[in-house]
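One structure below.
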Amino acid sequence: MQTNNKNSAEIVSAQIIKIKNKQIYLKTEQGKYIKVEYPKSQQKEHTFKIFTEILKDIWKHHLWIPVNQNTNQLLRYDWLS
């Protein structure tokens, strides 16, 4: 996903390789490892469990998810909302 736009290099596809202590460990298509904190909106008790289950399903099915590798944040799309 390379274009001439400098910002496009910030967004990469990655797969979850581990979930531990509100941290998500990912591996990009380029083989880079990234550690991402749970979004603050998902760290609340009533959403934490649901969000974790969604992440586990994504992990189990080896889905690629978008991540900003400069800010180490997941991008918000419908499967993470």
| query | So, in the stretch 57-81, of the ones that are open to solvent by less than 50 Å² (accessible area, probe 1.4 Å) and of a type in the set (A, V, I, L, M), which residue ends up modelled with the lowest pLDDT? | reply | LEU80
| query | Looking at the stretch 33-56, which of its residues are surrounded by fewer than 12 Cβ atoms within 10 Å (Cβ to Cβ) and in a helix (DSSP H, G or I)? | reply | LYS40, SER41, GLU45, HIS46, LYS49, ILE50, GLU53
| note | Pairing a residue in the stretch 22-47 that is farther than 15 Å from ASN72 by Cα with any residue that is in a loop (DSSP other than H, G, I, E, B) and open to solvent by less than 80 Å² (accessible area, probe 1.4 Å), where Cβ atoms lie under 7 Å and the two sit 6 or more apart in sequence or on different chains, gives GLN43/LYS22
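The values are calculated or read from the model by the stated rules, or taken from the named source; none is laboratory data. Just so it is clear, the model here is predicted, and its values are computed rather than measured. Glycine gets a Cβ as well: all are built from the backbone with ideal geometry, and neighbour counts include every protein chain shown. The accessibility values were calculated without ligands, DNA or RNA, using every heavy atom of the protein model including side chains. Shrake-Rupley method; radii C 1.70, N 1.55, O 1.52, S 1.80 Å.
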